[in-house]
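So the structure is just underneath, and the comments pick up after that.
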Amino acid sequence: MSPAHAAPPPTDEERLRQLGYEPKLVRRMGEFGNFASSFSVISILSGCMTMFAFGLNTGGPAVMFWGWIVVGAMVLFVGLALAEVTSAYPTSGGLYFMAHQLGGPRWGWLVGWLNLLGLIGGICGIDYGAASFIGAFLNLQFGYEPTPAGLFGIFVAVLLLHALLNLPEVRRVSVLNSISVWWHIGGVVLIVGALAIVPSRHQDAGWVVGHFVNNTGWSNPIYVSAVGLLLAQYTFSGYDASAHMSEETTRAAVSAPRGIVRSIWVSWIAGAVLLAGLLFAVQDYDAVLGTTTGVPPAQIFIDALGTTGGKSLLVVVIVAQLFCGNAETAAASRMVFAFARDGALPGSALWSRVSERTGTPAAGVWLSVGAALVLALPSLYSTTAYGAVTAVNVVGMTPAYAVPIYLRLRRGRRFQPGPWNLGRRGPLIGWIAVGWVTVVSVLVCLPQSYPVTVDTFNYAPGALAVVLLLAWAWWLKAGRSYAPPVQQSAELVELTEEVV
């Protein structure tokens, strides 16, 4: 058949039906809105800010700056490889549907639970971080001393806000995410510009790129530097939001993969500028670490700009964090909807409902924020226990990214790419991505402080074990009802036979 008579590519609805699903969600999100979803979840004004104290103690400026450059480059490889698979399978299920199609039901089930709990842990961590920054602002403005109960109350209010913002039609989420992009970029320009112009004194470039600090208790600088990479790695998370929003995106097979890749490289550049601006503006390192606000970036703002200027920039950061949590809630609710649609959750019939009025998975929204609230309950009693809970985000999402890429590589030439693909470079980029995720999966499980005590122990491996145990237990009880559609192609018929 000549190119002039080639069949036109399938429409979004036709492609979704080919994958086995009848369209239920409404496509009112364009390519920019899809990109904005992932960019808002990555949120450099959330991740970089909440992890800033960790970076100051674990390697200091040198590891913070160069770690951002290195990790950003490696995450871009992961994003490219994941984008290629997303183009082939643009559904709200995202990672777990890809894993199911490429590796069979057990792979899909495992990745689904890791991804879902990672997303819910993300809501928990993002919104609790926003609550901490709100508490710092209230401390500066009104002298309010936030207690654990007080912070939890602020956290619940933030969760409720994000639930209410996600209940109307997806166009509102798309508009908010689009505003979020410009708020983040404008916020970085404002913060870095103010910190560059106003203070009379700045650190020199050699200090920013070469000053090493080790407050971890470990003596090996290589070990400390490796663990210090987690500041950047924690921030570069959640870019699979573009995949989860694909059933509400036009031209999803192209728009969603572009959204993943674009969100990473834009965040990479903007984050490098932000970190450099903050580090150049440090006036007193020890005072920043010991700030009474509990938020080191707030102390940098105050030292450089005064109390009024510092509070103004703190508001910019808080609004960005609220945008971030809202986008994460949207992505998690779509994952709940898709996973329940395939019978993988207790009460799936409820959680897979779509509002006839708005075309959004309202039940999935409430489950997402409700589960995040439950995850944060330990914060009322122990910050260490809360840290273990939020580690679910990292230990869940990190391996979940690698599995679909690995399974795509395992399929070799039998993998049928979508319209957005890497061509012959795909396997090389994929193996680099899998290798990096393997390294990161080890890093997040390493002890971060010495001596290792009940308060300093890294509970991430335990969190991962709990997630895997829950997934396995529910598989034994309900795995037979888990039934994502399988394309009726020779490739997948062969795959089904292999699994059986």
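The values are calculated or read from the model by the stated rules, or taken from the named source; none is laboratory data. Just so you know, these numbers come straight off a predicted model, no measurement behind them. Positions of Cβ are generated from backbone atoms using ideal geometry, with glycine treated the same way; all protein chains shown enter the neighbour counts.
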Q) Residues in segment 85-100: is at least one under 22 Å from SER180 (Cβ atoms), touching an Asp or Glu at 6+ places or on another chain (Cβ under 7 Å) and not in a helix (DSSP H, G or I)? A) yes
Q) Restricting attention to segment 146-173, which residues are surrounded by fewer than 17 Cβ atoms within 10 Å (Cβ to Cβ) and of a type in the set (Val, Ile, Thr)? A) THR147, VAL156
Q.
Tally up the residues in segment 10-19 that are over 17 Å from VAL354 (Cβ atoms) and either out of contact with any helix residue (DSSP H, G or I) (no Cβ under 8 Å at 6 or more places or on another chain) or surrounded by 14 or more Cβ atoms within 10 Å (Cβ to Cβ) (or both), please.
A. 5
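Residue-wise test of (1) surrounded by fewer than 17 Cβ atoms within 10 Å (Cβ to Cβ); (2) among the acidic types (Asp, Glu); (3) at pLDDT below 95.
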{"position": "VAL181", "(1), (2), (3)": "no, no, yes"}
{"position": "LEU195", "(1), (2), (3)": "no, no, no"}
{"position": "VAL198", "(1), (2), (3)": "yes, no, yes"}
{"position": "GLY206", "(1), (2), (3)": "yes, no, no"}
{"position": "PHE212", "(1), (2), (3)": "yes, no, no"}
{"position": "TYR239", "(1), (2), (3)": "no, no, yes"}
{"position": "SER242", "(1), (2), (3)": "no, no, yes"}
{"position": "SER246", "(1), (2), (3)": "no, no, yes"}
Q.
Among the residues of segment 432-471, what is the count of those that are over 20 Å from the mean Cα position of the chain (by Cα), surrounded by 15 or more Cβ atoms within 10 Å (Cβ to Cβ) and among the aromatic types (Phe, Trp, Tyr)?
A. 1
Q: Could you identify the single residue in ASN177, ASN215 that is farther than 26 Å from GLY310 by Cα and of a type outside the set (Lys, Arg)?
A: ASN215
**Q.** Among (1) part of a helix (DSSP H, G or I); (2) out of contact with any Asp or Glu (no Cβ under 9 Å at 6 or more places or on another chain); (3) among the small types (Gly, Ala, Ser); (4) within 26 Å of ALA330 (Cβ to Cβ), the one test that GLY20 misses
**A.** (1)
Q | Options SER242, SER225, SER200, SER219; residue that is assigned to a helix (DSSP H, G or I) and out of contact with any Pro (no Cβ under 9 Å at 6 or more places or on another chain) | A | SER225
**Q.** THR398 being modelled with pLDDT under 85 and either surrounded by fewer than 21 Cβ atoms within 10 Å (Cβ to Cβ) or within 18 Å of the chain's Cα centre (by Cα) (or both)
**A.** yes
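So which of MET29, MET64, MET74 is aliphatic (A, V, I, L, M), surrounded by fewer than 24 Cβ atoms within 10 Å (Cβ to Cβ) and either within 24 Å of the chain's Cα centre (by Cα) or modelled with pLDDT of 90 or more (or both)?
Going through MET29, MET64, MET74 in turn, just one is aliphatic (A, V, I, L, M), surrounded by fewer than 24 Cβ atoms within 10 Å (Cβ to Cβ) and either within 24 Å of the chain's Cα centre (by Cα) or modelled with pLDDT of 90 or more (or both): MET74.
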Q: Specify the residue that is nearest to the chain's Cα centre (by Cα); the eligible residues are those in segment 268-305 that are among the β-branched types (Val, Ile, Thr), surrounded by fewer than 24 Cβ atoms within 10 Å (Cβ to Cβ) and over 14 Å from ASN57 (Cβ atoms).
A: ILE269
Q. How many residues does segment 258-291 contain that are in contact with a Gly (Cβ under 9 Å, 6 or more places away or on another chain) and among the acidic types (Asp, Glu)?
A. 0
Q: Go through segment 336-365 and count every residue that is surrounded by fewer than 24 Cβ atoms within 10 Å (Cβ to Cβ) and over 22 Å from ARG480 (Cα atoms).
A: 8
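Quick check on segment 469-485: of everything there that is assigned to a helix (DSSP H, G or I) and touching a residue at least 60 places away in the same chain (Cβ under 8 Å), which residue is nearest to TYR21 (Cα to Cα)? Explain how you work it out, then say what you get.
To start, the set of residues in segment 469-485 that are assigned to a helix (DSSP H, G or I) comprises 469-481.
In the following step, the residues that additionally are touching a residue at least 60 places away in the same chain (Cβ under 8 Å) were identified as 470-471, 474-475, 478-479, 481.
Numbers: LEU470: 27, ALA471: 24, TRP474: 24, TRP475: 23, ALA478: 21, GLY479: 20, SER481: 17 Å.
Here the answer is SER481.
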